[in-house]
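Notes to accompany the following structure.
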Amino acid sequence: EKGGYDHFMMKEIMEQPKSVADCLRGRVIAKKNHVKLGGVFNHFDDLLSAKRIIIVACGTSWHAGLVAEYIFEELVRVPVEVEYASEFRYRNPIIGKGDVLIAISQSGETADTLAAMSLAESKGAIVLGVCNVVGSSIARNSHEGAYTHAGPEIGVASTKAFTAQLTVLTTMALMLAKEKGSLTEAQLSDLLTEIESIPSKIEKVLKSNDSVREISSLYKDAKNFLYLGRGFNFPVALEGALKLKEISYIHAEGYPAAEMKHGPIALIDEEMPVVVIATRDSSYDKVVSNLQEVKARSGRVIAVVTEGDVLIPGMVDHVIEVPDTHEVLMPMISCIPLQLLSYHIAVMRGCNVDQPRNLAKSVTVE
Ligand code: F6R
């Protein structure tokens, strides 16, 4: 049942080339310039004319929402707000006709997310669901939506559902961008071709499993971890920190790399491992200087870099290479080494990876 792996989490991490491909199947066909999510057909015009898109979710799904905010704003030029479902529902939110709310949930049963949806609906907004579990409450209670088709996720720590959420949300953005004309034909066709190559690029990252395991063995006894990223990779830093916290019980924080100097930098010494996502994108130079700030204070840096990077390896303690891709798609790749890192550290600490203490797969309490 665990496909030869010791834990469901590892099985699910390893499944991602397939789950992302399953999620794209029939929805993106680059050579035909085809991009379509069947599930948002009836409300496509509402989505297209939305004054504002509001995304609500919790936990890892909220991180997928944050990436989606950057992607929608970049590709579709529509304002997006991302809210924790629990905060949204308790503060008399300004939402109504003309707004579209997208609820993201692996289980489709998260109580706060469901409550946020019904609040939005009662105020006249269109509500779309992005869920993994077919027939779940969130799927049934939305006007329309799209399934992530990642297959059952058993490990409590969400992995393949996260990359599938990114896949669906990016596909949605590309579908809107195509209709709206907010991208040139060449840009659209490049992105469609590139998204089709993500499964094989994830496959490549998974080959670094052994070297990530080795790095993990050096840091398994750390008391704290810091994760830094900028732009599209900022939410990935948050997600990396959450993964480590929930399964290894090591305190970890994710931060936008540039915010480090406004506080967390005080924590840095030779005892502090800092994971920096430093792939080659529009914020590369800035991230390199952030990483130097960490090294100057004797922090230990594990950097996720674009393959072929010749600068960063000379500056940091460890590098994990990932294939290059368009920066809007990078989170689907850059999150993978962080999943592996948290998995190995948790296993080495003897933690129950698939069923961490105090956590449940569906959070049906408010
Ligand atoms: C993290 C994790 C939780 C969930 C959160 C939302 O690995 O599993 O943070 O992401 O409870 O759950 P869903 O997506 O089912 O609404």
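The values are calculated or read from the model by the stated rules, or taken from the named source; none is laboratory data. The model shown is predicted, which means the values in this text are computed figures rather than measured ones. Here Cβ is always computed from backbone atoms with ideal geometry, including for glycine, and neighbour counts include all displayed protein chains.
The condition (being within 14 Å of the ligand (Cβ to nearest atom) and in contact with a Lys or Arg (Cβ under 9 Å, 6 or more places away or on another chain)) is satisfied by just one residue among 159, 167, 171: 159. Quick check on residue 153: is it within 14 Å of the ligand (Cβ to nearest atom) and charged (D, E, K, R)? Yes, satisfied.
Filtering segment 102-129 down to residues that are polar (S, T, N, Q) and surrounded by fewer than 23 Cβ atoms within 10 Å (Cβ to Cβ), which residue is nearest to the ligand (Cβ to nearest atom)? That would be 107.
Just one residue in the set 164, 258, 266, 173 is part of a helix (DSSP H, G or I) and touching a Cys at 6+ places or on another chain (Cβ under 6 Å); that residue is 164. Out of all the residues in segment 327-355, which are under 29 Å from residue 68 (Cα atoms), in a loop (DSSP other than H, G, I, E, B) and more than 11 Å from the chain's Cα centre (by Cα)? Selection gives 327, 328, 353, 354, 355. When 68, 57 are screened for being surrounded by 19 or more Cβ atoms within 10 Å (Cβ to Cβ), within 13 Å of residue 172 (Cα to Cα) and either within 14 Å of the ligand (Cβ to nearest atom) or at pLDDT below 95 (or both), only 68 passes.
I need the full set of residues from segment 1-31 which are farther than 14 Å from residue 354 by Cβ and of a type in the set (Lys, Arg), in order please. Listed by number, the residues that qualify are 18, 25, 27, 31. Inside segment 220-261, residues that are more than 14 Å from the ligand (Cβ to nearest atom) and buried (at least 21 other Cβ atoms within 10 Å of the Cβ) make up a count of 15. For residue 300, the conditions (1) more than 22 Å from residue 70 (Cβ to Cβ); (2) without any contact (Cβ under 8 Å) to a residue 40 or more places away in the chain; (3) not β-branched (Val, Ile, Thr) all hold with the exception of (2). I need the full set of residues from segment 41-87 which are assigned to a loop (DSSP other than H, G, I, E, B), closer than 21 Å to residue 282 by Cβ and either under 12 Å from the mean Cα position of the chain (by Cα) or of a type in the set (A, V, I, L, M, F, W, C) (or both), in order please. The one that is assigned to a loop (DSSP other than H, G, I, E, B), closer than 21 Å to residue 282 by Cβ and either under 12 Å from the mean Cα position of the chain (by Cα) or of a type in the set (A, V, I, L, M, F, W, C) (or both): 78. Pairs meeting the criteria (first residue in segment 313-336 and touching a residue at least 24 places away in the same chain (Cβ under 8 Å), second residue of a type in the set (Lys, Arg) and not in a helix (DSSP H, G or I), beta carbons under 9 Å, at least 6 apart or on different chains) are 316/300; 318/300; 324/280; 327/280. Cβ-Cβ contacts under 7 Å between residues 6 or more apart (or on different chains), taken from a first residue in segment 142-160 that is modelled with pLDDT of 95 or more and among the charged types (D, E, K, R) to a second residue that is in a strand (DSSP E or B) and away from the ligand (no atom under 13 Å from the Cβ), are listed as 144/128. Of the candidates 182, 136, 208, 158, the single residue that is more than 22 Å from residue 35 (Cβ to Cβ), of a type outside the set (Phe, Trp, Tyr) and touching a helix residue (DSSP H, G or I) at 6+ places or on another chain (Cβ under 6 Å) is 158. Looking at segment 226-241, is at least one residue hydroxyl-bearing (Ser, Thr, Tyr) and assigned to a helix (DSSP H, G or I)? Within segment 226-241, not a single residue is hydroxyl-bearing (Ser, Thr, Tyr) and assigned to a helix (DSSP H, G or I).
The residue that is surrounded by the fewest Cβ atoms within 10 Å (Cβ to Cβ), among those in segment 269-296 that are in a loop (DSSP other than H, G, I, E, B) and touching a helix residue (DSSP H, G or I) at 6+ places or on another chain (Cβ under 9 Å), is 282.
Within segment 248-284, being charged (D, E, K, R) and under 15 Å from residue 231 (Cβ atoms) holds for 259, 280, 281. Applying the criterion of being surrounded by 18 or more Cβ atoms within 10 Å (Cβ to Cβ) and away from the ligand (no atom under 16 Å from the Cβ) to the residues of segment 23-35, the residue that is farthest from the chain's Cα centre (by Cα) is 30.
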